[in-house]
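Engineer: Before anything else, here's the structure in question.
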Amino acid sequence: MKVVKFGGSSVANAEQISKIIGVVTADADRRLVVVSAPGKRHGDDTKVTDLLIALADTVLAGNDHEAALQEVVSRYAEIQKDLDLPADVISAIEADLRGRIEKRSSNDLQFLDTMKASGEDNNAKVIAEAFTKVGHPAKYVNPGEAGMLLSDEFGNAEVLPESFDKLATLKNESKIIIFPGFFGWTKSGEVATFPRGGSDITGAILAAAIKAEVYENFTDVDSVYAMDPRIVKSAPAIDLMTYREMRELAYAGFGVFHDEAIIPAVHAQIPICIKNTNRPEAPGTMIVPTRSNEERVVVGISSADGFCAIYIDKYMMNREVGFGRRVMQILEDEGISFEHTPSGIDNLSIILQSKELGAEKETLVIKRLNDELSPDRIEVEHGLALLMVVGEGMHYTVGVASKATQALADAGVNIEMINQGASEISIMFGVKETQRKQAVNALGTAFFG
Ligand code: ASP
């Protein structure tokens with residue numbers, strides 16, 4: 001049995017939904033189908049999830065939400081009309097949305113999740129109807145009822161371990177299952193969602209639960225590319241990579257697959273295949289436990305803007321037992337998550353996502369660091385981009401770092417920091433955001449020609 005997941009652009013309109021019916025029914029093993037909410041139909045379109053967030057915000061602000069609600073309904077109505085499905089499909093969706101608003105929770109984050117989750121939930125119902133109508137009996141399954149139990153971290157939930165046994169029984173279903181991605185229920189029966197893009201995570205959990213032969217993740221590109229094709233048009237396709245490589249790349253900017261979706265697949269050792277709904281015959285990218293490193297030492301280069309660094313200098317820091325712990329304690333107290341902490345004899349840098357450190361929090365954290373640790377210097381640098389050069393082979397290969405630094409130097413890119421810490425399979429470079437594209441191009445030429 002294969003688990004197949006279709007992202008937003010693959011289920012954005014009737015034409016795309018007809019394509020996915022073709023893809024699923026072309027292989028009798030594709031029986032568990034995870035779907036996103038309708039995504040963008042064209043470049044400047046809006047995803048239904050974003051329309052739902054706007055609707056929820058309007059409700060929360062106490063403003064008239066009728067127009068925002070109708071905008072969501074009209075997206076499904078277009079699909080219903082073009083697929084010639086019964087009109088009551090749409091009245092049911094409208095009633096569902098009104099019901100969610102009426103039963104609004106006093107917890108705003110929970111309410112937001114209920115509204116966001118309706119995007120995939122209603123789309124799964126529509127898609128199950130569409131399969132059945134063309135002669136392929138399909139069944140919509142509600143994630144909560146099926147046992148997708150999540151933590152109550154609304155908007156950022158994680159699967160609870162007890163989910164897997166219950167979800168495993170889905171493999172006994174004879175019809176094609178249409179399972180909405182992105183959400184589940186908490187133990188107390190409230191809807192909770194994964195982070196944005198989380199339908200990939202749903203698919204991985206189901207693949208692990210039913211011990212699928214493969215988890216096929218259909219999107220709108222032929223494969224994962226070694227660099228962001230929006231920066232490097234000629235970026236080579238990656239045909240094979242490991243879980244670890246994908247996680248490192250996904251974490252730092254490869255949006256094609258959610259980084260948290262790797263973990264369930266790793267635990268159950270399920271191979272993942274990234275494929276294109278619009279060109280299902282293309283082989284795609286296989287993500288597997290191991291690969292031979294001879295062919296490609298470096299498999300990909302990812303990059304992302306939106307980071308900042310706190311630099312702390314203190315003479316004799318090396319002898320001050322507990323210094324690092326106290327820095328981390330301050331971050332923990334203020335609810336700040338950090339990414340990396342490269343350190344030297346008398347200095348420590350903390351790299352964070354800028355969104356973790358708003359202006360108010362920055363003032364507070366710097367004050368606390370000054371008061372409680374008496375450093376010689378503290379500086380915050382904004383506008384940093386991180387670049388990750390990723391490949392299992394680099395651990396065994398001499399000269400990867402020097403090739404990368406030489407390429408960056410030749411391109412006139414100033415390296416703000418380098419980190420090749422615990423991970424044996426990546427080197428991280430911090431550069432100014434303004435030099436990110438230049439840096440990716442330079443590294444791309446160095447490693448892929
Ligand atoms: N629809 C959700 C989002 O846009 C989840 C997903 O598509 O994976 O984030």
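All of the numbers you see were taken from the coordinates with simple rules; none came from a lab. In this text the structure is predicted, and so the values were computed from the model without any measurement. So basically every Cβ, Gly included, is an ideal-geometry build from the backbone, and we count neighbours across all protein chains shown.
Engineer: To two decimal places, what compactness ratio does region 257-314 give when its Cα radius of gyration is scaled by 2.2 N^0.38 Å?
Structural biologist: On the way: Rg = 17.1 Å, N = 58, 2.2 N^0.38 = 10.3 Å.
Rounded to two decimals, the normalised Rg is 1.66.
Engineer: I'm checking a number: the convex hull volume of the Cα atoms of region 1-110, normalised per residue, in Å³. What is it?
Structural biologist: Spread over its residues, the Cα hull of region 1-110 gives 128 Å³ apiece.
Engineer: Taking the chain as a Gaussian network, where each spring joins two C-alpha atoms under 10 Å apart, which residue of Arg230, Arg247, Arg31 fluctuates the most?
Structural biologist: Arg230
Engineer: Let me ask something additional. Can you tell me, using C-alpha contacts under 8 Å and at least 6 residues apart, the relative contact order of the chain as a whole percent? If you can, show how the numbers build up before the last one.
Structural biologist: Numbers: 892 pairs, mean separation 57.4, N = 449.
Value for the chain: 13 percent.
Engineer: Can you tell me, using C-alpha contacts under 8 Å and at least 6 residues apart, the relative contact order of region 259-364 as a whole percent? Don't jump to the answer; show the numbers that get you there.
Structural biologist: On the way: 92 pairs, mean separation 23.2, N = 106.
Relative CO of region 259-364 lands at 22 percent.
Engineer: Working from Cα positions, state the angle (0 to 90°, nearest 10) between the long axis of helix 400-410 and the longest principal axis of the chain.
Structural biologist: Here the helix axis deviates by roughly 80 degrees.
Engineer: Could you work out the helix-only [θ] at 222 nm for the chain, with each DSSP H run of four or more residues adding -39,500 (n - 2.57) and the total divided by the number of residues, to the nearest 500 deg cm²/dmol?
Structural biologist: Details: 14 runs with 170 residues, N = 449.
The per-residue figure over the chain is -12000 deg cm²/dmol.
Engineer: Taking only Cα atoms and a 10 Å spring cutoff, compute GNM fluctuations for the chain and point out the largest among Gly335, Gly300, Gly147.
Structural biologist: Gly335
Engineer: Please list, ordered by chain and number, the residues whose modelled amide H lies under 5 Å from the amide H of His340; skip anything fewer than 5 residues away on the same chain.
Structural biologist: Ile351
Engineer: Using Cα positions and a limit of under 20 Å, work out the lysines in reach of Lys187, with same-chain residues fewer than 8 apart set aside.
Structural biologist: Partners within reach: Lys103, Lys116, Lys166.
Engineer: Give me the tail of P(r) for region 33-174 as a percent: Cα-Cα pairs with distance above 28 Å.
Structural biologist: Values: 2350 of 10011 pairs.
Across region 33-174, Cα pairs with separations above 28 Å total 23 percent.
Engineer: In degrees between 0 and 90, to the nearest 10, how far off the longest principal axis of the chain does helix 108-133 point, with axes built from Cα atoms?
Structural biologist: Approximately 50 degrees, to the nearest 10.
Engineer: Moving to a separate point now. Suppose the chain between Asp152 and Val288 were pulled fully straight at 0.36 nm per residue; how much longer would it get relative to their current alpha carbon spacing?
Structural biologist: Numbers: separation 136, 0.36 × 136 = 48.96 nm, distance 3.12 nm.
Residue separation times 0.36 nm, minus the Cα-Cα distance, leaves 45.8 nm.
Engineer: Of the options Gly383, Gln329, Ser343, report the single residue whose Cα projects farthest towards the positive end of the charge dipole of region 320-449 (beta-carbon charges: Lys, Arg +1; Asp, Glu -1).
Structural biologist: Positive-end residue among those listed: Gly383.
Engineer: While we're looking at this one, here's another question. In square nanometres, what is the average projected area of the Cα convex hull of region 374-449? Show your work: numbers first, answer last.
Structural biologist: Numbers: hull surface 24.8 nm².
Taking a quarter of the hull surface, the average projection is 6.2 nm².
Engineer: Still on this structure, please answer the following. Round to a whole angstrom and tell me the spacing of the C-alpha centers of region 114-157 and region 393-424.
Structural biologist: 44
Engineer: Could you line up Glu102, Glu339, Glu392, Glu295 from fewest to most neighbouring Cβ atoms inside 10 Å?
Structural biologist: Exposure proxy ranking, most exposed first: Glu102, Glu295, Glu339, Glu392.
Engineer: Could you work out the mean projected area of the convex hull around the alpha carbons of region 220-363, in square nanometres to one decimal? Walk me through the intermediate numbers first.
Structural biologist: Details: hull surface 48.8 nm².
Over all viewing directions, region 220-363 projects a mean Cα-hull area of 12.2 nm².
Engineer: Could I ask something else about it? I need Met428, Met394 ordered by Cβ neighbour count within 10 Å, fewest first.
Structural biologist: On the way: Met428 21, Met394 24.
Going from least to most buried by this count: Met428, Met394.
Engineer: Further question on the same structure: Using the scaling law 2.2 N^0.38 Å as the reference, what is the normalised Cα Rg of region 242-290? List each step's numbers first, then the result.
Structural biologist: Values: Rg = 11.0 Å, N = 49, 2.2 N^0.38 = 9.7 Å.
Its radius of gyration relative to the 2.2 N^0.38 Å reference: 1.13.
Engineer: My understanding is that a pair violates if its Cα-Cα distance is over 28 Å; which of Lys40/Lys125; Lys403/Lys437; Lys211/Lys355; Lys19/Lys47; Lys19/Lys125 do that in this structure?
Structural biologist: Numbers: Lys40/Lys125 19 Å; Lys403/Lys437 18 Å; Lys211/Lys355 37 Å; Lys19/Lys47 19 Å; Lys19/Lys125 17 Å.
From Lys40/Lys125; Lys403/Lys437; Lys211/Lys355; Lys19/Lys47; Lys19/Lys125, over 28 Å: Lys211/Lys355.
Engineer: Sum up the charges of everything whose Cβ sits under 10 Å from the Cβ of Lys187, counting Lys and Arg as +1 and Asp and Glu as -1, but leave Lys187 out. Don't skip to the answer; put the middle values down first.
Structural biologist: Details: positive: none; negative: Asp152, Glu162, Glu190.
Overall, the nearby charge balance is -3.
Engineer: If one computes P(r) from the Cα atoms of the chain, what percent of pairs lie at distances over 39 Å? Numbers along the way, then the final one.
Structural biologist: Numbers: 27621 of 100576 pairs.
Result: 27 percent of Cα pairs exceed 39 Å.
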